[in-house]
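Bear in mind these aren't lab numbers, they're just calculated from the coordinates by the rules spelled out. Everything numeric in this text was worked out from a predicted model, so none of it was measured. In this analysis, Cβ positions are derived from the backbone assuming ideal geometry, glycine residues included, and neighbour counts consider all displayed protein chains.
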Amino acid sequence: MQRRLAFRLVIWLGWAMGGPTAGAGATDVVTGTVPAPDGVAIAYTVRGEGATTLVFVHGWCCDQTYWDHQVRHFCPRCRVVTLDLAGHGRSGQERSVYTMAAFAQDVAAVVTGLELRQVVLVGHSLGGLVIVEAARLMPDRIIGLVPADSLQNVERRVAPEQAAIYLRPLETDFAQSAQAFVRQNMFVPASDSALVDRIAADMAQGPPEVGRAVLREVFLYSVLPALAAVRVPLRCINSDRYPTDVAAARRHLPTFDAVLTPGVGHFNMIEDPVAFNRLLENFLGELPAGGTGGDR
C-alpha cells in the first residue's frame, strides 16, 4: 500500500474532494467530481486552456495518474482532462454492476458536466474500449478517438467458460495473480524493471471485486457495434508487443487506423512518452479543427 501511495503522491498532493478546486497562475489545476447516472462520484482533473480538449481515460486497475507524461506535455497548449472511472482512483466504488456502457457514461458525465466541446478522447487498454462506447453518447462533442494499446483484434471472442478459466486465479488470490498477470503480459524484456515492479504492485492493490468484475466485462464485451457507429477519425497508438489486425477492424470501420510505438510494452505512453506524444500530436494536427496547433 505504501508503494501505491508513493506512486501517486506527486499528482494527488493537495487534492480536495467534494467540488472544484483550483490552483493559481499558468499551471492552474481544477479538480472535482461529477455524478454518473447511477450516482457514483467520478473524479476529474482539468489543466490548461484551449479550444481543443484532450480527455484521457485509464485502463484496468489503473487511474488517471498513469497519464502524467501526457499531461505535462499537452497542458501548455490545450485543455487536458484526466478522470478516474468508477471503482478506480478517487472515484466512488459503490457501483453494483461494472459494464462498458456504465464506464462510457462516466466519461460522458465528465465531458457534459464540464461543458466540453471539440473533445479528443484518448483511452488506454480498457479505456480504448470505453472511449469508443462513450463517443456514441455525445457525437456532437467528440472530434477524434485515440485508443492506446487497444483494439488489437476487435473480432476476437472469449466464450464465457473460457473467461471463467482466465478469472479463476483472481478469485483465489487477486493481488498475487494480478501481479503475475501484469508481469507476464504487459511488458517486454527491455522494459525497465523498476517500472514493471511499480506498476505491477500498484495494479495489484486495486479492489479485488472491482478488478474481477471489470476484467470479466472486458472478456465478454464486443466493441463491434460501437466501432461501426464511429463517425470521427480514430487512430490507435499501439505497441508492437502484439499485432494489430487492421484489416479486421476495417471490416467494421473502414477508416480505422493504427500506428506503432516499437520495442515497448502495454504502457507505451509511459515507457516511451516521447514517441507516444509525437504520434498523438500528429493525429491532432490532422483533425479538421487543427488539434493543438503544435509542431509535428
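Count charges around THR53 for me, please; just the other residues with Cβ under 13 Å from its Cβ, Lys/Arg as +1, Asp/Glu as -1. Before the final figure, lay out each step's value.
Values: positive: ARG47, ARG77, ARG79, ARG117, ARG141; negative: GLU49, GLU115.
For residues surrounding THR53, the net value is +3.
Taking every C-alpha pair closer than 8 Å and separated by at least 6 residues, the mean separation divided by the residue count of segment 86-209 gives a relative contact order of 19 percent. Each other residue within a Cβ distance under 10 Å of MET100 adds +1 if Lys or Arg and -1 if Asp or Glu, for a net charge of -2. If the segment from ARG157 to ASP197 were pulled out straight at 0.36 nm per residue, it would be longer than the present Cα-Cα gap by 11.4 nm.
For segment 184-257, what is the relative contact order in percent, using Cα pairs closer than 8 Å and at least 6 residues apart in sequence? Walk me through the numbers before you get to the answer.
Details: 21 pairs, mean separation 20.4, N = 74.
Computed over segment 184-257, the figure is 28 percent.
The phi-based Karplus calculation (6.51 cos²θ - 1.76 cosθ + 1.60; θ = phi - 60°) puts the 3J(HN,Hα) values of segment 39-46 at x, 5, 6, 10, 7, 9, 9, 10 Hz, whole numbers, x for Gly and Pro. When only Cα pairs below 8 angstrom with a gap of at least 6 residues are kept, the chain shows a relative contact order of 17 percent. Close amide H contacts of SER239 (hydrogens built in the peptide plane, cut-off under 5 Å, sequence separation of 5 or more or a different chain): ASP149, THR261.
Please give me the summed charge of the neighbours of VAL40: other residues whose Cβ is under 11 Å from its Cβ, Lys and Arg +1, Asp and Glu -1. So the environment of VAL40 carries a net charge of -3. Enumerate the residues in segment 180-218 having an amide nitrogen under 14 Å from the point lying 7 Å beyond the Cα of LEU167 toward its Cβ. Those under the cut-off are 208-218. Label-to-label distance, GLU286 versus TYR242, with points set 7 angstrom from Cα along the beta-carbon direction: 2.4 nm.
Which ordering of PHE56, PHE174, PHE219, PHE103 is given by a fewest-first count of other beta-carbon atoms within 10 Å?
Working: PHE56 26, PHE174 20, PHE219 17, PHE103 29.
The order, fewest Cβ neighbours first, is PHE219, PHE174, PHE56, PHE103.
Of all DSSP bridge pairs formed entirely within the chain, close to 35 percent run antiparallel. Here the translational diffusion coefficient of segment 82-159 follows from Stokes-Einstein with Rh set to the Kirkwood radius across Cα pairs; for 37 °C and 0.692 mPa s it amounts to 251 µm²/s.
Matching the structure-derived Cα extents along the principal axes in Å against the labelled list (i) 56, 45, 35; (ii) 86, 51, 41; (iii) 48, 45, 40 gives the label (iii).
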